[in-house]
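The block underneath contains the structure these notes are about, expressed in structure tokens.
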Amino acid sequence: MTDYKFEGWLGLDASSAEGKMQWGEFEPKPWEETDIDIKISHCGICGSDLHTLRSGWVVRVGSEVKHIALGDRVGVGAQSDSCCSRLGKPCEACDSGRENYCPNKHVGTYNGVYLNGGKSYGGYATYNRVPARFAVKIPDGVSSAEAAPMLCGGVTTYAPLKHHGAGPGKTVGIVGLGGLGHFGVMWAKALGADKVVVISRTSAKKEDAVKMGADEFIATAEDPKWGNTHASTIDLMVCTVSQSDMPVQDYFSLLKFDGVFVQVGLPDDGFPTFQQMPLIFKRIKITGSLIGSPDDIREMFDLALAKGVKPWVSTIPMKDANQAIIDFEKGAPRYRFVLENEPETKASL
């Protein structure tokens, strides 16, 4: 038995997304000796909670856990379990450190079901229980408030940039300068790309983009000739936009021969239709990317430390989570909201 309660903001129905979550107690997954319990300090707000993730201190460690100790500061991203070796022989993805692409059992950090039948509830809470394999130590030099959004939005952009070779000799394009896009700009710069180009509708965020490291800014709604002016100038493009009417045909025109287009945003109505001619004549590759593995997160933290990458975050007391969700939907974050548990606020909930 533990001497602490698992309490958090509960999404009981669809109205929860309108800022009507209710605070209450919940039952964590049944304890296994491969688990840890985390006292949550910070939790990022993401577009698909909306996504939840958490960072905090370990208060209980299973007897089979060797890489994490009581008191360690750890974080968990948007995935908290996979088939690993528990369904017999591990799948190829899990065995090679790509648990985020596990085809057998991909358990989200929220709204998922673990292999032992327990449910995952996310991080808008006081405590959480998770398989230790998916917990990553947060290095000194990265604050918990900074780490929280890195665990989901950060690695979602870091992983495809690293995988597709963003670095010296490359021009990288980032479509959309929101929570995901602002990470994309900073990672591309930290990885050593020759040039980082932001593509957005207007120039409203141009000053911010430059401060983040962008070398060039394309405002598509303000320059009717942007597609021709910047044609065939980008090697690798990561699209963070989640709109089904985005002008992907014009985005393709910006790519060089053998250019790569990576979609990480999730349009509700599906990906826009497009003509195949650019793909054929410029041998363009279209692909996607899904969050990141625990190993990706570790690499990302190492890069953040080495290059001084710090996300632009606003911390909000956990008690104000409902208002934070409303403000998030209005596009208020510049550029990530992070919920913060404070001792004085827990008592008032």
Q.
Could you check segment 298-310 and list, in sequence order, the residues that are open to solvent by 10 Å² or more (accessible area, probe 1.4 Å) and within 17 Å of the chain's Cα centre (by Cα)?
A. Arg298, Glu299, Asp302, Leu303, Val309, Lys310
**Q.** From Pro103, Pro139, residue being in a loop (DSSP other than H, G, I, E, B), of a type outside the set (Phe, Trp, Tyr) and touching a residue at least 40 places away in the same chain (Cβ under 8 Å)
**A.** Pro139
Q: For segment 311-335, enumerate the residues that are of a type in the set (Val, Ile, Thr) and open to solvent by 20 Å² or more (accessible area, probe 1.4 Å).
A: Val313, Thr315, Ile316, Ile326
Q. Which of the residues that make up segment 207-247 are open to solvent by 60 Å² or more (accessible area, probe 1.4 Å) and of a type in the set (D, E, K, R)?
A. Glu207, Lys211, Asp215, Glu222, Lys225, Asp245
(Q) List the residue pairs whose Cβ atoms are under 6 Å apart, where the first residue sits in segment 219-234 and is farther than 16 Å from Thr171 by Cβ, the second is of a type in the set (A, V, I, L, M) and open to solvent by less than 60 Å² (accessible area, probe 1.4 Å), and the two are 6 or more positions apart or on different chains. (A) none
Q) Within the set of pairs 6 or more residues apart or between chains, which connect a residue that is without any contact (Cβ under 8 Å) to a residue 60 or more places away in the chain inside segment 263-280 to a residue that is aromatic (Phe, Trp, Tyr) and open to solvent by less than 50 Å² (accessible area, probe 1.4 Å) with Cβ atoms less than 6 Å apart? A) Pro278/Phe252
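Quick one: in segment 271-297, of everything that is farther than 23 Å from Tyr158 by Cα and among the hydrophobic types (A, V, I, L, M, F, W, C), which residue is most open to solvent (accessible area, probe 1.4 Å)? Spell out how you get there, then give the answer.
Our first condition is that a residue be farther than 23 Å from Tyr158 by Cα; within segment 271-297, this holds for 272-283.
Add one more test, that the residue is among the hydrophobic types (A, V, I, L, M, F, W, C), and what stays is 274, 277, 279-281.
Numbers: Phe274: 73, Met277: 95, Leu279: 49, Ile280: 112, Phe281: 146 Å².
Only one residue tops the list, namely Phe281.
Count, please, the residues in segment 224-258 that happen to be part of a helix (DSSP H, G or I) and either under 24 Å from the mean Cα position of the chain (by Cα) or of a type in the set (Gly, Ala, Ser) (or both). Steps first, answer last, please.
Kept after step one, since they are part of a helix (DSSP H, G or I), are these residues of segment 224-258: 226-229, 248-253.
Going one step further and asking which of them are either under 24 Å from the mean Cα position of the chain (by Cα) or of a type in the set (Gly, Ala, Ser) (or both), we end up with 227, 248, 251, 253.
Counting residues in segment 224-258 that are part of a helix (DSSP H, G or I) and either under 24 Å from the mean Cα position of the chain (by Cα) or of a type in the set (Gly, Ala, Ser) (or both) gives 4.
Suppose we filter segment 248-270 for residues that are touching a strand residue (DSSP E or B) at 6+ places or on another chain (Cβ under 8 Å) and open to solvent by 60 Å² or more (accessible area, probe 1.4 Å); how many remain? Please lay out each step first, then the result.
Quick first cut of segment 248-270, residues touching a strand residue (DSSP E or B) at 6+ places or on another chain (Cβ under 8 Å) only: 248, 251-252, 254-256, 258-265.
After this cut, where a residue has to be open to solvent by 60 Å² or more (accessible area, probe 1.4 Å) as well, the list is 256.
Number of matching residues: 1.
In this structure, does Pro311 turn out to be touching a Pro at 6+ places or on another chain (Cβ under 8 Å), at negative phi and not in a helix (DSSP H, G or I)?
Numbers: touching a Pro at 6+ places or on another chain (Cβ under 8 Å): yes; at negative phi: yes; not in a helix (DSSP H, G or I): yes.
Answer is yes for this residue.
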(Q) Quick test for you: out of Glu27, Glu32, Glu92, pick the one residue that is at pLDDT below 95 and out of contact with any Ser or Thr (no Cβ under 9 Å at 6 or more places or on another chain). (A) Glu92
Q: Output the residues belonging to segment 230-249 that are at pLDDT 95 or above and acidic (Asp, Glu).
A: Asp235
(Q) Looking only at residues that are open to solvent by 10 Å² or more (accessible area, probe 1.4 Å) and in a loop (DSSP other than H, G, I, E, B) in segment 142-165, which one is nearest to Leu290 (Cα to Cα)? (A) His164
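The values are calculated or read from the model by the stated rules, or taken from the named source; none is laboratory data. Given the structure is predicted, the values throughout are model-derived calculations rather than measurements. Every residue, glycine as well, gets a Cβ built from its backbone with ideal geometry; the counts of neighbours run over all protein chains shown. Heads up: the accessible areas ignore ligands, DNA and RNA and are worked out on the full protein's heavy atoms, side chains in. Shrake-Rupley method; radii C 1.70, N 1.55, O 1.52, S 1.80 Å.
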